[in-house]
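A.B. asks: Have a look at this one.
The values are calculated or read from the model by the stated rules, or taken from the named source; none is laboratory data. The structure displayed is predicted, hence computed values, not measured ones. Cβ atoms come from the backbone with ideal geometry, glycine included; neighbour counts cover every protein chain shown. Side chains included, ligands, DNA and RNA excluded: accessible areas come from the protein's heavy atoms. Shrake-Rupley method; radii C 1.70, N 1.55, O 1.52, S 1.80 Å.
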Amino acid sequence: MRDPRPHVGEPLALDLLNTQWVDDGPRDLLTDVAGLRIWLTSAGLSGRATADTRTLEALLTARTAILDAVRHGGQDALNEVLDHGRIRRRLTDDGPVDLPDVADPAWLPAWVAADNLLHLLATAPDRIRQCAHPDCVLYFLDTSKNATRRWHSMAICGNRAKAARHYARRS
């Protein structure tokens, strides 16, 4: 089954937030294990995690924690998710690597998404944005050169805003 979301390809933490969107009403990819399977595949985690109820519950906990951290700077819920794992450093034939070490496999996708948010907050906290369209709930990482991107997609929400302004001027 293909991923039905209108916006994919963001860093993992934001991609998890984007499992909720508005399209003729609120939509949520993570309402069941089938949606979880789609997200795990899209996130490149299908070979590392099992699509089951426990993984879904952990991922929903992480999504709520990430949303609270992004919107309100909340730390406690995110730290609770992060308590489920750690980074284990190893030296391999290819050089040093950082490997996630999560005791309960059901928490691996949730922990990896929460860890990704930490990376985003450390490297580009001011570039984490919610789409400026008033009816859009999607998030993106602003990678524009001058950090002025406003829409998750210029073709979708940006075009809607331009059309609304044009209509308002003509009326």
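A.B. asks: Got a number for the accessible area of residue 50? Probe 1.4 Å, square angstrom, nearest 10.
C.D. replies: Here the residue's solvent-accessible area equals roughly 90 Å².
A.B. asks: Now, a different point. Label the range 1-78 by shape, choosing from rounded, prolate and oblate, from the square roots a ≥ b ≥ c of the eigenvalues of the Cα gyration tensor; if a/c is under 1.5 it is rounded, and otherwise prolate applies when a/b is larger than b/c, oblate when it is not.
C.D. replies: Details: a/c = 1.64, a/b = 1.20, b/c = 1.37.
Oblate shape, in that a/c is at least 1.5 and b/c is the bigger or equal ratio.
A.B. asks: Hey, another quick one. Lone cysteines in the chain, defined as no other cysteine's Cβ under 4.7 Å from theirs: which are they?
C.D. replies: Unpaired cysteines in the chain: 157.
A.B. asks: While we're looking at this one, here's another question. Can you tell me how much longer the chain between residue 92 and residue 123 gets when fully stretched, taken as 0.36 nm per residue apart minus their C-alpha distance, in nm with one decimal?
C.D. replies: 8.6 nm
A.B. asks: Something else about it: I need to check one value: relative contact order of the chain, counting alpha carbon pairs closer than 8 Å and at least 6 residues apart, in percent.
C.D. replies: Numbers: 221 pairs, mean separation 37.1, N = 171.
Relative contact order comes out at 22 percent.
A.B. asks: Mean-square fluctuation check for the chain, GNM, Cα pairs under 10 Å: which of 121, 29, 108 is largest?
C.D. replies: Result: 121 has the largest fluctuation of those listed.
A.B. asks: Considering only protein heavy atoms, what per residue accessible area in square angstrom results for the chain with a 1.4 angstrom probe?
C.D. replies: Values: 10020 Å² over 171 residues.
On a per-residue basis, 59 Å².
A.B. asks: Related question: Per DSSP H run of at least 4 residues, take -39500 (n - 2.57); add these up for the chain, divide by its residues and hand me the 222 nm value, nearest 500 deg cm²/dmol.
C.D. replies: Roughly -13000 deg cm²/dmol at 222 nm, from the helical runs in the chain.
A.B. asks: Classify the range 113-158 as rounded, prolate or oblate, taking a ≥ b ≥ c as the square roots of the eigenvalues of its Cα gyration tensor: rounded when a/c is under 1.5, otherwise prolate if a/b is larger than b/c and oblate if not.
C.D. replies: Values: a/c = 2.83, a/b = 1.61, b/c = 1.76.
Here the range 113-158 falls in the oblate category.
A.B. asks: Ok, one more. Indicate the helices, whole DSSP H runs only, in the chain that combine a mean Kyte-Doolittle hydropathy of 1.6 or more with a Cα extent along their long axis of 27 angstrom or more.
C.D. replies: Numbers: long enough: 53-72 (28 Å, 0.23).
Answer set is empty.
A.B. asks: Okay, next question. According to the square roots a ≥ b ≥ c of the eigenvalues of the Cα gyration tensor, what is the shape class of the chain, taking rounded for a/c under 1.5, prolate for a/b larger than b/c otherwise, and oblate for the remainder?
C.D. replies: Numbers: a/c = 2.18, a/b = 1.66, b/c = 1.32.
The shape class here is prolate.
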